[in-house]
Every structure is written in structure tokens, then in C-alpha cells.
């Protein structure tokens, strides 16, 4: 079984969700303890190395990284998929990486 860790960004986002959505997101995160490499899909391009799984009625995405050697799943970010919107979770992830906000989280 994998250990789940959350970045500060992910933890803060989850705390702000309404209780129903929050419960659905947490249930998905709990499922990642078993088979994180089978549940999510690998991301491409600048987000290569991260994985994504859908939650809360397919609207939310949980972005995570699996560190096999340490049996850890790091929940990097949680957010809504809004294609073409600057608040789209994938666009936010690119900004986080560009600004170095997640750089040390991925390498640990």
C-alpha cells in the first residue's frame, strides 16, 4: 500500500471545496493507495512525469506523482478542468512548474 502525501497547494484547495465534492475527492485519493499507476493516466508535454485522475463527476482532476522507490503518492494539485480557461487545473500546473513552486516536490 502506498503512502499519500499532499502538497500545501493541494491541501489548501481540498479544504476550500464544498463538503460533497471534498468527500468525493478524498475518496478518489484514498483509492490511489492501492494502485496509483493503474488508476490515473500519465500526462504529456510540460506535465510529463505527473499523472491525472478524474473525481467528483469527472469535473475535477487530481494531479499526482508516484515515487515507486519510496512507495509514496504525492497529491500535487486538485482543481477543475476548464479547457481554454486560465483557471484550468492543467494551466495552473504549468504555472506552478514554471515558477518552481512544485519543482522540489517532484524530485523528492
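The values are calculated or read from the model by the stated rules, or taken from the named source; none is laboratory data. Worth saying up front: this structure is predicted, and the values here are computed from it rather than measured. Because the Cβ atoms are built from the backbone with ideal geometry, glycine has one as well, and the counts that use them run over all protein chains shown.
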Open item on the list: Checking residue 86 against (1) loosely packed, with under 13 Cβ neighbours inside 10 Å; (2) in contact (Cβ under 8 Å) with a residue 24 or more places away in the chain; (3) not in a helix (DSSP H, G or I), only one condition comes out false. Which one?
Closed with: (2)
- [ ] Confirm whether residue 106 is modelled with pLDDT under 90, surrounded by fewer than 16 Cβ atoms within 10 Å (Cβ to Cβ) and assigned to a loop (DSSP other than H, G, I, E, B).
- [x] no
TODO: Please give the helices (runs of 4 or more DSSP H) falling wholly within the range 1-73 in which 2 or more residues are in contact (Cβ under 8 Å) with a residue 60 or more places away in the chain and closer than 18 Å to residue 91 by Cβ.
DONE: 8-16
- [ ] Kindly indicate whether residue 74 is within 14 Å of the chain's Cα centre (by Cα), within 22 Å of residue 1 (Cα to Cα), at pLDDT 90 or above and surrounded by fewer than 18 Cβ atoms within 10 Å (Cβ to Cβ).
- [x] no
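Quick grid of which residues meet (1) surrounded by fewer than 11 Cβ atoms within 10 Å (Cβ to Cβ); (2) closer than 22 Å to residue 3 by Cα; (3) at pLDDT 90 or above; (4) touching a strand residue (DSSP E or B) at 6+ places or on another chain (Cβ under 8 Å):
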{"position": "50", "(1), (2), (3), (4)": "no, yes, yes, yes"}
{"position": "55", "(1), (2), (3), (4)": "no, yes, yes, yes"}
{"position": "66", "(1), (2), (3), (4)": "no, yes, yes, yes"}
{"position": "82", "(1), (2), (3), (4)": "no, no, no, no"}
{"position": "96", "(1), (2), (3), (4)": "no, no, no, yes"}
{"position": "99", "(1), (2), (3), (4)": "yes, no, no, no"}
